[in-house]
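All of the numbers you see were taken from the coordinates with simple rules; none came from a lab. Here the structure is a predicted model, which is why all the values come from computation and not from measurement. FYI the Cβ positions are ideal-geometry reconstructions off the backbone, even for glycines, and counts take in every protein chain you see.
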Amino acid sequence: MGLFDFLKPKQAQRPNIKQVLTSAEKTNGSPRSPVSKEEELALDKERRAVEKFTRGMISVRDIIAPSAIEVNFNTMMIGNKYFRSYFAVKFPAVVSPNWLEPLINFEYPIDISTFYYPHDTAEILKILRRRIAEFQATLNIEIEAGRQGDPIVAKQLEDALAFQSQLAAGTEKYFQYALYITVHADTIEELNRISKNLEGTMATLGIIIKVATLQQEEAFQSTIPYGWDKIQMFQNLQTTAIATTFPFVSSELTQDHGVLYGINLHNNSLVIFDRFSLPNANSVVLAASGSGKSYTVKLEAVRSLMLGVKIIVIDPEKEFDRLCAAVGGDYISFSQDGAQKLNPFELSGVYSPDEDELRFKILTVAGLIKIMLGGSITPEEAAILDRALILTYKEKGITPDPSTHSKEPPLLEDLYKILNAMSEEEAHSMARRLETYLRGSAAGVFDRKSTVNINSDFTVFSIRDLADNLRPMAMYVMLDYIWTKIKRDKKKRLLIIDEAWIMMQHQDAARFVYSIAKRARKYGLGLTTITQDVDDFLNSDYGKAIVSNSSMQILLKQSPSTIEKLQKVFYLTEGEKSFLLSAGIGQGLFFAGANHVAIQVVASEDEHKLITTNPHELQAMQERENMASGKDEPDLTSR
């Protein structure tokens, strides 16, 4: 039988011409006169016409069958996809319940097939009696020869006797067990990478798997859901061991301590997790507008606050103001006319032997100036800008010597003067373009001394009152300032960047966010990036790198235009893809390290009042507050 022969529908048996002639000769059991040659030719012509018509019909097999199948030495190609199938040849001696969980929750989509073969207990007891007799005879021969019995044979005899007793008592039964795995990918390079990861995962479980060399077709057929075992590569197991291979297990993310994120939709257990227990505490939240991403992050923030974690938020749309006021935090509104300012030239004053802070600060400020100058500068301008920044700090007495870093930092005005004093025309051109931030329409935002201190356990930086073209620069300055403060005082903190796609639009800003993601763990920081514009975020190399450097990811409801890209990045199954397209508000996939579950974010009534941004709910709450305070009593006479 061929690879997909089982899909062929049974064809109705058509009578041949002889049968037609024979039946035509009979009427009510009586023979009829033979048909003429003309009638025979007419019947034959009709038969050929029917067969030709049948061949032109489309069957189910034609619809679902691939365009081509290529079976190779250790791979298969079906259509445009590559497949590789494995079989297990050895299992660990000692196992525990759910020991196959790493395989069930493997990071890439794979097909797993298991076969269980029960055997008659009476037949197994006969075999055991014979084997026990052989073991005992071997030991007796050794003892009679004056030698100590082989300890391996003695152990085998002990195990055989114990198993015999269990079989006789009916507490154990004998099974044979087969495990087959098929991996698939779009390219042979990706298939090899997934195969290597699978072999490593299985090795950590104590399972030895082999590629089904020259049996890829049979092994593939053994993993499709048709109940065929064409490899017959099984191992002997008893009831207790076979029960631990039960594959239908659900992932759990319930720790003894951590933040309650919601309810596991697989089994209704609680998703309680401490993100600081992961290799890094970074998190990425990707979701469509209105799917509950800000709601989820605010809920995590307020619950983390109760566990002693300090929260810092960059809020472009003023969504954290009510929560900040409720917990007694500092709300810093960044605007041109406001009194709260940040100086991008400020240093942390913290010495680290493995980091040249002045050099890092110059690179950071250079990235900001590039954004101010339009996003791109020539190599000549970049060299001049670097030299000008070094001179700007030097004029204030700040050098690579850490003892000078506590001096008064320069301002944007100082850099402007240095550029004007240089002889190169490129320097004068950059100075003219910076004038808009010193004397033009953007003055008062980036050219003042810092007046902000992060002293509260909950601090929110708002940029809603800034023009759209100034927001990326403001977020850049805020991140730089926050990073400077974090290095001064190492504590367990969460830094939340809402609408992170704004930063991804500029390469220098994206690079800076990525540098924080890489170094955050060193300073006890967990970076959370939130975005609804998945395309802008994942189209950036730095955006992809930030996702890779985040041990925790939360995917909520997605739009059809972005789901294909997410499926490739996160290796989502078709079921997970469909779930994200149809998910309700607050529903999604929660990834933590190697595990992920479907989650429903749930808040208490009091928490919901603090974090909701639903305009109808906010209006209703405001009306109730007004009525309670007597500010706006309803007119009952009009009813």
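For the reader, a short list of remarks on this structure follows.
- Residue order, fewest to most beta carbons within 10 Å, for Val460, Val602: Val602, Val460
- Under 5 Å between amide hydrogens, built in the peptide plane, is the criterion, and for Asp315 it picks out Phe461, Ser462, Ile463 among residues at least 5 positions away or on other chains.
- Reduced Cα scattering model of the stretch 172-225, Debye log10 I(q)/I(0), q = 0.15, 0.22, 0.30 Å⁻¹: -0.53, -1.00, -1.26
- Dipole orientation for the stretch 70-243: of the candidates Ile207, Asn98, Leu128, Leu128 has the Cα lying most toward the positive pole (charges on Cβ; Lys, Arg +1; Asp, Glu -1).
- Charge dipole (debye, nearest 20) of the chain; +1 at Cβ of Lys and Arg, -1 at Cβ of Asp and Glu: 1080
- Cα point-scatterer Debye curve for the stretch 257-395, base-10 log of I(q)/I(0) at q = 0.13, 0.15, 0.18 Å⁻¹: -0.90, -1.05, -1.18
- Of the peptides 231-244, 145-158, 126-139, the ranking by mean beta-carbon count within 10 Å, highest at the top, reads 231-244, 126-139, 145-158.
- The stretch 440-453 - phi-based ³J(HN,Hα) in whole Hz, Karplus 6.51/-1.76/1.60, Gly and Pro as x: x, 5, 9, 5, x, 9, 10, 10, 10, 6, 5, 10, 10, 10
- Taking the Kirkwood radius as Rh and the Cα radius of gyration as Rg, the stretch 552-623 has a ratio of Rg/Rh equal to 1.09.
- For Thr399, distant residues with modelled amide H under 5 Å away: Thr404
- 3J(HN,Hα) along the stretch 582-593: 10, 5, x, 5, x, 9, x, 10, 10, 9, 9, x Hz, from the Karplus curve 6.51 cos²θ - 1.76 cosθ + 1.60 with θ = phi - 60°, whole Hz, x for Gly and Pro.
- Sum of -39500 (n - 2.57) over DSSP H runs of 4+, divided by residues of the chain (222 nm, nearest 500): -13000 deg cm²/dmol
- Counting every alpha-carbon pair across the stretch 357-437, the share separated by more than 17 Å comes to 41%.
- In sequence order, calculated HN-Hα J values of the stretch 189-195 (Karplus, 6.51, -1.76, 1.60; Hz; x Gly/Pro): 5, 5, 4, 5, 5, 5, 4
- Calculated SAXS-style log₁₀ I(q)/I(0) at q = 0.15 Å⁻¹ - the stretch 70-243, Debye, Cα scatterers: -0.90
- In whole percents, the pair-distance distribution calculated for the chain from its alpha-carbon pairs, binned every 20 Å from zero, is 14, 33, 27, 17, 7, 2, 0.
- Cβ-to-Cβ counts within 10 Å put Ser578, Ser550 in ascending order as Ser578, Ser550, the fewest first.
- For Asn280, the residues whose modelled amide H falls within less than 5 Å of its own, excluding neighbours fewer than 5 places apart on the same chain, are Ser551.
- For the stretch 396-532, pairs of C-alpha atoms spaced more than 26 angstrom apart make up 34 percent of the total.
- Ratio Rg/Rh [Cα only; Rh per Kirkwood] for the stretch 116-219: 1.19
- Cα extents of the stretch 100-168 along the three principal axes, largest first (Å): 59, 29, 15
- With 10 Å bins from 0: P(r) over the stretch 436-501, alpha-carbon pairs, percent: 16, 51, 28, 6, 0
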